[in-house]
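Participant: Quick one: the structure is below, and I'll ask about it shortly.
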Amino acid sequence: MIQWRNTLSAALLSVAYVTVALLVNFTISWWPPQDFFGIQIPPGLLLVGAVFVMRDYAQRAVGNWVIALTLIAAVLTYFAVDHVVALASGTAFVVSESIDWLIFKITRRPMKDRIVISSAVAVPFDGLIFLGIMGWLIPQLFWVHYTLKMVASIFMWLWLSQRANRSTSLKPAE
């Protein structure tokens with residue numbers, strides 16, 4: 001029973017990761033940039049942090065197969081969304097997710113820590129590549145992109161920290 005549950009969980013996390021990547025790319029492609037304090041921001045950038053966090057969970061569930069999931073997301077984006085968005089997203093995914101994957105594997109820290117560490121290092125590469133290919137690479141938009149991904153990572157770190165504290169505080173005294 002446990003093996004089946006782990007397989008189902010891995011499948012669901014894999015589908016969730018690819019789906020989140022596609023949703024972000026659809027949003028970037030179809031929802032025009034909006035003015036936010038004088039900066040034209042594609043609303044899809046508000047969701048990009050979720051992709052990195054979902055990738056970390058998918059990697060924990062399927063290991064190195066997460067690289068194949070990243071490539072699947074890039075190919076699906078190419079055929080389902082927009083070729084320029086697919087090129088920008090796919091290239092950024094491959095580079096930044098590879099860095100993220102490497103850090104995730106090397107650090108051997110708890111999940112909550114790996115999410116923040118890997119995002120802090122990989123997100124700038126993702127932003128430079130994606131925004132550069134899209135023709136949107138300006139300092140303000142880069143920092144918005146970086147900040148939004150890091151905020152998502154930090155929220156996840158806080159949530160996982162709270163869950164860990166709650167579970168240890170419920171253990172009986174020895």
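Participant: Convert each backbone phi in segment 75-85 into a coupling constant with the Karplus relation 6.51 cos²θ - 1.76 cosθ + 1.60 (shift: θ = phi - 60°), then list the ³J(HN,Hα) values in order as whole Hz, x for Gly and Pro.
Facilitator: Each residue's phi maps through the Karplus curve to give 5, 4, 4, 4, 7, 9, 10, 8, 5, 5, 4 Hz.
Participant: Here's something else I'd like to know. What are the trypsin sites (Lys or Arg not before Pro) within segment 73-174 that DSSP puts in a loop, where the Cβ has at most 13 other Cβ atoms within 10 Å?
Facilitator: Of the trypsin sites (Lys or Arg not before Pro), the ones in loops of segment 73-174 whose Cβ has at most 13 other Cβ atoms within 10 Å are Arg108.
Participant: May I pose another question? Roughly what would the spin-label model give for Ile154 and Val75, points 7 Å off Cα along C-beta, in nm?
Facilitator: With each label placed 7 Å out from Cα toward Cβ, I get 3.8 nm.
Participant: While we're looking at this one, here's another question. By count of other Cβ within 10 Å, fewest leading, how are Thr27, Thr70, Thr147 ordered?
Facilitator: Ascending number of Cβ neighbours within 10 Å: Thr147, Thr27, Thr70.
Participant: Please list, in order, the residues from segment 69-100 whose amide nitrogen is less than 18 Å from a point placed 7 Å along the Cα→Cβ vector of Gln34.
Facilitator: none
Participant: Starting from 0 in steps of 10 Å, tell me what percent of the Cα-Cα pairs of segment 2-169 lands in each bin.
Facilitator: It works out to 11, 39, 35, 13, 3, 0, in whole percents.
Participant: Let's see if you can work this out: charge +1 on each Lys and Arg Cβ, -1 on each Asp and Glu Cβ, no other charges. What is the dipole magnitude of the chain about its Cα centre, in debye to the nearest 20?
Facilitator: For this selection, approximately 720 debye.
Participant: What is the sum of charges, Lys and Arg at +1 and Asp and Glu at -1, for the other residues whose Cβ falls under 10 Å from the Cβ of Trp157? Numbers along the way, then the final one.
Facilitator: On the way: positive: Lys112, Arg114; negative: Asp113.
After counting each charged neighbour, the total is +1.
Readers should treat all values here as calculations from the given coordinates under stated rules, not as data from a laboratory. As the structure is a prediction and not an experimental result, all values here were calculated from the model. Here the Cβ is made from the backbone with ideal geometry for all residues, glycine too, and neighbour counts use every protein chain on show.
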